[in-house]
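For reference, the structure is listed below as structure tokens.
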Amino acid sequence: MNKEEYKLYIDNVIRRVEFARVRFDEKHIVKIVAISKYSTSDEIKELYEIGQRAFGENKVQDLKTKSDELDELPLEWHFVGNLQKNKINNLLDINPTLFHSLDSLELAYELQKKLLSRDMTLNALLQINSAKEESKHGVMPEVAVQIYNQIKKECPNITLRGVMSIGAHTDDKKVIKKSFDITYGIYKELDGADICSMGMSGDFELAIECGSNMIRLGSIMFNK
């Protein structure tokens with residue numbers, strides 16, 4: 001696919017986002033984070049050249065490598081993977097724009113300790129396991145508001161911006177929609193939250209129609 005064809009392809013993805021956005025609310029704004037975990041720095045650069053600025057990785061080492069390689073570009077880096085406690089310092093060295101997957105109170109306390117010792121803050125989203133699937137990380141929806149408020153109160157160096165969830169792992173649209181509706185309902189209860197991150201390549205239109213204002217698109221953005 002040459003550069004012109006690729007641009008037309010991405011324009012079509014953006015058109016789909018636009019249609020879904022307007023179906024939710026004409027004033028609704030949706031941000032695309034291109035998940036580049038299976039893509040090279042050259043492929044990221046190609047996407048940058050046609051206007052994409054926010055990129056996400058799910059491994060701390062890959063995030064470091066690619067952010068170093070593309071240091072000259074004004075990119076916004078997001079960390080979307082499960083964070084192990086022994087990798088916290090490595091992530092903070094990179095200082096990403098947003099950490100999407102704060103999935104427990106325990107992790108929040110560890111992060112707070114490390115942030116405090118470095119005298120720095122980190123923007124983060126609380127991950128909610130709204131589909132209640134064993135394979136997924138995140139807090140249970142019933143306690144999400146309580147945990148969110150607890151982190152805000154007890155971990156001042158974590159700047160909570162909202163919530164993130166992954167849609168239910170099924171082909172049943174009603175079940176997927178229900179998991180998105182649960183997350184969005186929690187988001188609306190949170191004081192000062194401005195990010196509701198839901199939706200990936202296979203379900204982003206439904207997620208936007210349920211209120212998502214940040215989508216994480218991997219394969220579809222890199223035509224893989």
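The values are calculated or read from the model by the stated rules, or taken from the named source; none is laboratory data. Only a predicted model underlies this, so the values are computations on that prediction, with no experimental measurement involved. Quick reminder, even Gly has a Cβ in these numbers, built from the backbone with ideal geometry, and neighbours come from all protein chains shown.
Numbers below:
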item: Which numbered condition HIS100 misses (of (1) in contact (Cβ under 8 Å) with a residue 12 or more places away in the chain; (2) more than 18 Å from HIS78 (Cα to Cα)); result: (2)
item: Filter result (on the phi > 0 side of the Ramachandran plot and crowded, with 17+ Cβ neighbours inside 10 Å) within the stretch 157-207; result: GLY162, GLY199
item: Residue in the stretch 60-72 that is surrounded by 15 or more Cβ atoms within 10 Å (Cβ to Cβ), in a strand (DSSP E or B) and touching a helix residue (DSSP H, G or I) at 6+ places or on another chain (Cβ under 8 Å) present; result: no
item: Residue match in the stretch 170-178 (condition: modelled with pLDDT of 95 or more, among the hydroxyl-bearing types (Ser, Thr, Tyr) and either more than 19 Å from GLY211 (Cα to Cα) or within 18 Å of the chain's Cα centre (by Cα) (or both)); result: no
item: Residue match in the stretch 72-82 (condition: among the charged types (D, E, K, R) and either touching a Cys at 6+ places or on another chain (Cβ under 6 Å) or within 25 Å of ILE220 (Cβ to Cβ) (or both)); result: yes
item: Selection count where residues are among the charged types (D, E, K, R), farther than 21 Å from PHE55 by Cα and in contact (Cβ under 8 Å) with a residue 12 or more places away in the chain, scope the stretch 4-32; result: 1
item: Selection count where residues are more than 19 Å from the chain's Cα centre (by Cα) and either surrounded by 12 or more Cβ atoms within 10 Å (Cβ to Cβ) or among the aromatic types (Phe, Trp, Tyr) (or both), scope the stretch 26-40; result: 1
item: Pair list, Cβ under 8 Å, 6 or more apart: the stretch 119-134 residue farther than 19 Å from ASP191 by Cβ, other residue basic (Lys, Arg); result: ASN129/LYS136
item: Which numbered condition ASN82 fails, given (1) surrounded by fewer than 21 Cβ atoms within 10 Å (Cβ to Cβ); (2) under 17 Å from the mean Cα position of the chain (by Cα); (3) assigned to a helix (DSSP H, G or I); (4) not aliphatic (A, V, I, L, M); result: (3)
item: Condition met for LYS224 (modelled with pLDDT under 95 and among the charged types (D, E, K, R)); result: yes
item: Some residue of the stretch 108-119 being in a loop (DSSP other than H, G, I, E, B), surrounded by fewer than 18 Cβ atoms within 10 Å (Cβ to Cβ), at negative phi and of a type outside the set (A, V, I, L, M, F, W, C); result: no
item: Hits in the stretch 12-38 (condition: part of a loop (DSSP other than H, G, I, E, B), touching a helix residue (DSSP H, G or I) at 6+ places or on another chain (Cβ under 8 Å) and more than 19 Å from TYR184 (Cβ to Cβ)); result: SER36, LYS37
item: Answer from GLU43, GLU57 - the residue that is of a type in the set (Asp, Glu), closer than 20 Å to MET198 by Cβ and surrounded by 13 or more Cβ atoms within 10 Å (Cβ to Cβ); result: GLU57
